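The values are calculated or read from the model by the stated rules, or taken from the named source; none is laboratory data. Because the structure is a prediction, the values reported are computed rather than measured. Cβ atoms come from the backbone with ideal geometry, glycine included; neighbour counts cover every protein chain shown. To get the accessible areas, we keep the full protein, side chains included, count just its heavy atoms, and leave off ligands, DNA and RNA. Shrake-Rupley method; radii C 1.70, N 1.55, O 1.52, S 1.80 Å.
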Amino acid sequence: MANGGPVEHGYPHLRTVRESVTALYRRLSYDTVRTFSASVAPADVAFADVDDLHLGAQRVAREMVAHYRLPDARLIVGFREMTHAANVELTAGPEYFVELNDRFRDHRRDIGAALAHEVAHVYLHRLGLSFPSTRENEILTDTAAAYLGAGWLLLDAFREDRDSSQKLGYLTPEEFGYVLAKRALLFGEDPSVWFTSPQAYTAYREGLALARRDAEQPPLRAAGWAGRRRYARDRRHAQGDAEAPEAGRETVYRFSADDHGPLRVSFPCPTCHQRIRVPVAGRVRARCGLCRSVLECDT
Ligand SMILES: [Zn+2]
Ligand SMILES: [Zn+2]
């Protein structure tokens, strides 16, 4: 887990974040994702600076291990001087050595956040789920932590004031907010009541707005007027009845037709981002095979 440097904002990793959500559904299945409907409770990972450091770290580690349902895994948490915030040795187990940066000795309330990320590494390692590059893997790890109910702690560890800033994990605050919002929309949860950091709250509201926009893209029926109008023009073009749309405009949907077959449109599922393909035939109801969302479309 990285540490330090200026805090990056916005959505530079959004594509990998979305691919991570799809990969989670593919590897875990819809049924397993649903078993993570309860987030880590704030009281279960609370850690005051007066608590014993080592006993407290082991207690929080046990909570995380239980949350990710790793019954036989044992975490051994140590502290040392290091450039990174934290690190875990990914071995066959059942013992896993986690190293936390010495500065957590004086920032005990953030130990839960560091462990949310490190135990997510163990969970993904055990599932055999990984992306090719280290950077993508870290994004997958943060996304898994946030989507499965432990990663709100990582966003809450983001704090900024006039003189200093702190952030844990590889996602930007807004990207954490986005993944937490996607989870919130799925489970009907409101993580914002748990935030102690005002900056975390702001980033969550931003991410929530983007997550809601995912469900308002044509051909989904919830799309707004301007989007629907552009969609209609793009469809006429795909049917050969209109000029090409202005260059450089990016759309999430794509039209295609197999040899003289009917025109079809594909678009990302707003929940799991797997691409869905439906015929262009007016009002269509589609069901995502991966996350089981029912999608009302106007194609
Ligand atoms: Zn990591
Ligand atoms: Zn889906």
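So which residues in the stretch 111-144 are among the β-branched types (Val, Ile, Thr) and either within 16 Å of ligand 2 (Cβ to nearest atom) or open to solvent by 20 Å² or more (accessible area, probe 1.4 Å) (or both), if there are any at all?
Step one: filter the stretch 111-144 for residues among the β-branched types (Val, Ile, Thr), giving 111, 119, 122, 134, 139, 141, 143.
Once the filter is applied, which keeps residues that are among the β-branched types (Val, Ile, Thr) and either within 16 Å of ligand 2 (Cβ to nearest atom) or open to solvent by 20 Å² or more (accessible area, probe 1.4 Å) (or both), the stretch 111-144 yields THR134, THR143.
Among the conditions (1) away from ligand 2 (no atom under 14 Å from the Cβ); (2) touching a Pro at 6+ places or on another chain (Cβ under 9 Å); (3) modelled with pLDDT under 95, the only one that ALA200 does not satisfy is (3).
Count of the stretch 175-202 residues, restricted to those that are under 16 Å from the mean Cα position of the chain (by Cα) and under 16 Å from GLU8 (Cβ atoms), is 6. The number of residues in the stretch 23-51 being assigned to a loop (DSSP other than H, G, I, E, B) and at pLDDT 95 or above comes to 7. Could you look through the stretch 249-280, keep only residues that are in contact with a helix residue (DSSP H, G or I) (Cβ under 7 Å, 6 or more places away or on another chain), farther than 16 Å from GLU216 by Cβ and not aliphatic (A, V, I, L, M), and pick out the one that is nearest to ligand 1 (Cβ to nearest atom)? The qualifying residue nearest to ligand 1 (Cβ to nearest atom) is CYS272.
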